[in-house]
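Notes to accompany the following structure.
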Amino acid sequence: MNQTNMQFGFTEGLSPNMASLIISEVCSEISGKNKSLFISTLDSQKAFDVVNHQILLDKMYFLGMDIQFWDIIEDLYEDITSTVKWQRDQSFSFLIEQGVRQGGVLSTHLYKQYINELLCNLEKHGIGISIGNTYAGCPTCADDIVLLSYDHTEMQEMLDTVYTYAGDHKFQIHPVKSNTIIKNITKQKSENFHNNLDSLKLGQNDIDINSDTTDLSLKRTTSDDSKINVDERITLARRTLYSLIKSGVHGTNGLNPRTSVKIYQIYVIPRLLYGLETIHIQNKDMVSHCSLHLSTLKHLQSLPNRPATSAVYLLVGAIPIAAEIHKRQLSLLHSIAMSDNISIKEIARRQHISGKPTSFFVKIQDVLTMYQLTSFSEIMNGHFNKLDWKKLSEHQSIHIGLLN
């Protein structure tokens, strides 16, 4: 079945981070310019549970699904009944006419097709932002839809399109949990700017215009996204560390230091860094990250307060936090190069040429050069040598010099 290039959820070779990266690249487009960006994050109410079976079957049929496969799906969803069992009592059976099967292998794919036409309509009519000649107006991960526009009127048109489609397909967009931010507005201009705009509406309900919103676990603010995301990741990492204390991950009289560090790398580092490879992190915000990482490694090894920083890493084979982020950036670039998504590849090539300092695809060239890896162009053209990735681990010692 066809799937729009704006859908990044539950798709082989793609990840939610790619959708977040597109939003970050759109944000980099307005950096340093007297331009506003409207970002609306939409929350579908119980999305997977309200898929109408008849509409789904009709959609699959008109999309040209092979009749044998269509018959199988019809058998799966026709005349489904359920009962409720409570203690020793059981209710009469009742008919279920909506919702994809929980845990079903096909469920996520069926839901993606259920909303695919909405994303296609937005792209077909050119409603929303494009980066160069590539449409980027509605990056989506399953039921998490983000709408991007430079214009208030166009954003309202996008919201109207979503609202109409939701009504036709019998699902609802939560007007309270959905909200909008207007990026790149100074505090001095913000109040006057808002007063001169009509409120954005989803049907008859106003959508709040806030100072921040969340897309795919990343915070987006009216100005810089770096500090708020770094602070949230540090808070989450600390909570995770505290939860591991009972298991012996606490340094003195705890588990073997190498074991503790390994557990820290598996459970804490992913929470500390999730999604940060997709946004432009300010150097001043990296100080807190580096400090937490270094102090944790000292504590787990029961080291004094002022040992040689290089020794803290070398004793357990750890690397600085900057190197951990570089690994994630390189992994994301590799995933993009290997994917079949034409849109994100075109955006990657265009942004790399643009030379914008806040763009992921400009900064990644410096990382590739640092590790003496293949050039960006060769990676995107498929001329990729797997041995190059081996160099990354061989050159980890380089990062002992990348200390704050």
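Taking Rh as the Kirkwood radius computed over C-alpha pairs, what is the Stokes-Einstein D of the chain at 20 °C in a medium of viscosity 1.002 mPa s, expressed in µm² per second? Rounded, D is 90 µm²/s. The H on the amide N of residue 43, modeled in the peptide plane, is under 5 Å from the matching H of 174, 178, each at least 5 residues off or on a different chain. Restricting region 261-345 to chymotrypsin sites (Phe, Trp or Tyr not before Pro) that sit in a DSSP loop and have at most 13 other Cβ atoms within 10 Å of their own Cβ leaves nothing.
What do you get for the angle between helix 226-243 and the principal long axis of the chain? Use alpha-carbon atoms, 0 to 90 degrees, nearest ten. Taking Cα atoms only, the helix is inclined about 80 degrees. Modelled spin labels at residue 210 and residue 295, positioned 7 Å past Cα toward Cβ, are 2.9 nm from each other.
Cross-link reach is defined here as a Cα-Cα straight distance under 19 Å, omitting same-chain residues fewer than 8 places apart; for residue 177 the aspartates and glutamates meeting it are 43, 49, 143, 144, 160, 206, 208, 212, 215.
Taking label points 7 Å from Cα along the Cα-to-Cβ direction, residue 172 and residue 108 give a separation of 2.7 nm. What shape does region 233-322 take by its C-alpha gyration tensor, where a ≥ b ≥ c are the square roots of the eigenvalues and a/c under 1.5 counts as rounded, a/b above b/c as prolate, and the rest as oblate? Oblate is the answer for region 233-322, as a/c is 1.5 or above yet b/c matches or exceeds a/b.
Classify region 336-378 as rounded, prolate or oblate, taking a ≥ b ≥ c as the square roots of the eigenvalues of its Cα gyration tensor: rounded when a/c is under 1.5, otherwise prolate if a/b is larger than b/c and oblate if not.
Oblate shape, in that a/c is at least 1.5 and b/c is the bigger or equal ratio.
Element breakdown for region 53-114 at a 1.4 angstrom probe: carbon and sulfur atoms account for 54% of the accessible area. Stretched out straight at 0.36 nm per residue, the stretch from residue 284 to residue 224 would grow longer than its current Cα-Cα span by 20.3 nm.
Label-to-label distance, residue 271 versus residue 381, with points set 7 angstrom from Cα along the beta-carbon direction: 4.5 nm.
Per-atom-type breakdown for region 268-384 gives carbon and sulfur 52% of the accessible area (1.4 Å probe, protein chains only).
In the full protein context, region 227-266 carries 61 Å² of accessible surface per residue, based on a 1.4 Å probe and ignoring ligands, DNA and RNA. Does region 110-184 come out rounded, prolate or oblate by the C-alpha gyration tensor, with a ≥ b ≥ c the root eigenvalues, rounded set by a/c under 1.5 and, if not, prolate when a/b is larger than b/c and oblate if not? Oblate, since a/c reaches 1.5 and b/c is not below a/b.
Could you tell me the distance between the Cα centroids of region 245-260 and region 40-55, to the nearest Å? Their Cα centres are 45 Å away from one another.
Scalar couplings 3J(HN,Hα) for region 106-122, obtained by applying the Karplus form with A = 6.51, B = -1.76, C = 1.60 to θ = phi - 60°, are 8, 4, 5, 5, 5, 5, 4, 5, 5, 10, 4, 5, 4, 5, 5, 5, 4 Hz; x denotes Gly and Pro.
What the phi angles of region 12-26 give under the Karplus curve with 6.51, -1.76 and 1.60, with θ = phi - 60°, is a coupling list of 4, x, 10, 8, x, 4, 5, 5, 5, 5, 4, 4, 5, 5, 5 Hz, glycine and proline written as x. Calculated [222 nm] ellipticity per residue, helices only, for the chain: -14500 deg cm²/dmol; basis is -39500 (n - 2.57) per DSSP H run with n ≥ 4, divided by all residues, nearest 500. Please give the FRET efficiency for residue 76 paired with residue 153, using the beta carbon to beta carbon distance and R0 = 35 Å, rounded to the nearest 0.05. According to the calculation, E is roughly 0.25.
Only beta bridges with both residues in the chain are counted; by DSSP, about 90 percent of them are antiparallel.
Structure note, pairs 33/219; 183/356; 59/219; 219/345; 35/124; 219/356: Cα-Cα distances above 28 angstrom occur for 59/219. Skipping prolines and chain starts, which residues have an amide H placed within reach, meaning under 5 Å, of the one on residue 207, given they are 5 or more residues away or on another chain? Excluding prolines and chain starts, which carry no amide H, the hits are 200, 201, 202.
The values are calculated or read from the model by the stated rules, or taken from the named source; none is laboratory data. The structure presented is a predicted model; accordingly, all values stated were derived computationally and were not measured. Here the Cβ is made from the backbone with ideal geometry for all residues, glycine too, and neighbour counts use every protein chain on show. Side chains included, ligands, DNA and RNA excluded: accessible areas come from the protein's heavy atoms. Shrake-Rupley method; radii C 1.70, N 1.55, O 1.52, S 1.80 Å.
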